[in-house]
Amino acid sequence: MSSSRPGSPTWAGMPDGAEVLPVAPASSEDSEAAGLRDRWMRAEAEIANVRTRARRDVDAARLYAVQKFAADVVESVENLRRGLDSLPPPAPGEPASVTSMRDGFEGIERGFVALLARNGIERVEAVGVPFDADLHQAMAEQESTAPPGTVVHAHSAGWTLHGRLLRPAMVVVAKPHPMPADAPHRHRAPDNQHFERQAP
């Protein structure tokens, strides 16, 4: 029969006289160390978050620092396009000087637009697409055979800087198609027809 000191716990199968020693509770030093370790890990995570936010802010500042300059540049491109649009359309027998001037200005415009595109400034054409409040600014509505809400004319193109809107396109939008004059009466019952409740 196993014997142990009175009041001490015993395990079945242990040699006679063996005593189970009680587990000592965690010391205050261990608890303090665990708390310090937890605070250190939290601080490391917060520092990593701060670094990520700072890197993102620096990248955004680098990409969009030229926003005002870019807006001024695209205004010059739009003025060049307006000048081209003011020229008479190509016609047989037109003076060679007019043809040469038109071709020269169009070449300058193409080179200018390509230069802007290489630096993240993109022209967004608007005519023929549905109106998008994120890209377009409606200046007027007009009747058109195009579906309602379609951009039918653009006073100026839209521009983006690295995918962010730099300048909205100034557009004219197709009006909803007018309702035929007889539409409200098309399903109206004849004036002499009455719908009276029949008596049971």
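For the stretch 120-150, a residue qualifies if it is surrounded by 12 or more Cβ atoms within 10 Å (Cβ to Cβ) and among the polar types (S, T, N, Q), and the qualifying residues are Gln137, Ser144, Thr150.
Please determine whether any residue of the stretch 91-102 is part of a helix (DSSP H, G or I), within 23 Å of Pro168 (Cα to Cα) and at pLDDT 85 or above.
The first filter runs over the stretch 91-102 and keeps only residues part of a helix (DSSP H, G or I), leaving 96-102.
Checking which are within 23 Å of Pro168 (Cα to Cα) leaves us with none.
No, the stretch 91-102 has no match at all.
Please tell me if Gly120 is modelled with pLDDT of 90 or more, of a type in the set (Gly, Ala, Ser) and closer than 14 Å to Val171 by Cβ. No: the conditions fail for Gly120. When the stretch 76-112 is filtered for residues that are within 20 Å of Thr160 (Cα to Cα) and either of a type in the set (Gly, Ala, Ser) or not assigned by TED's automatic domain parsing to the domain that holds Gly158 (or both), the ones remaining, listed by number, are Ser76, Gly111. Among the residues of the stretch 14-59, not one is in a helix (DSSP H, G or I) and at pLDDT below 70. In the stretch 145-174, which residues are at positive phi and either in a strand (DSSP E or B) or touching a helix residue (DSSP H, G or I) at 6+ places or on another chain (Cβ under 9 Å) (or both)? Passing the criteria: only His162. Test Val73 against the stated conditions and say whether it is outside the structural domain of Leu165 (by TED's automatic domain parsing), closer than 25 Å to Leu165 by Cβ and in a helix (DSSP H, G or I). Answer is no for this residue.
For (1) touching a residue at least 40 places away in the same chain (Cβ under 8 Å); (2) β-branched (Val, Ile, Thr), each residue gets a yes or a no:
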position	(1), (2)
Ile108	no, yes
Gly120	yes, no
Asp134	no, no
Gln137	no, no
Pro147	no, no
His153	no, no
Thr160	no, yes
Arg164	yes, no
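For the stretch 105-144, filtering for residues that are touching a strand residue (DSSP E or B) at 6+ places or on another chain (Cβ under 8 Å) and outside any helix (DSSP H, G or I) leaves 23.
On the given criteria, is Arg197 loosely packed, with under 10 Cβ neighbours inside 10 Å and modelled with pLDDT of 50 or more? In short, no.
The values are calculated or read from the model by the stated rules, or taken from the named source; none is laboratory data. The model shown is predicted, which means the values in this text are computed figures rather than measured ones. No Cβ is skipped: glycine too gets one built from the backbone with ideal geometry, and neighbour counts run over all protein chains shown.
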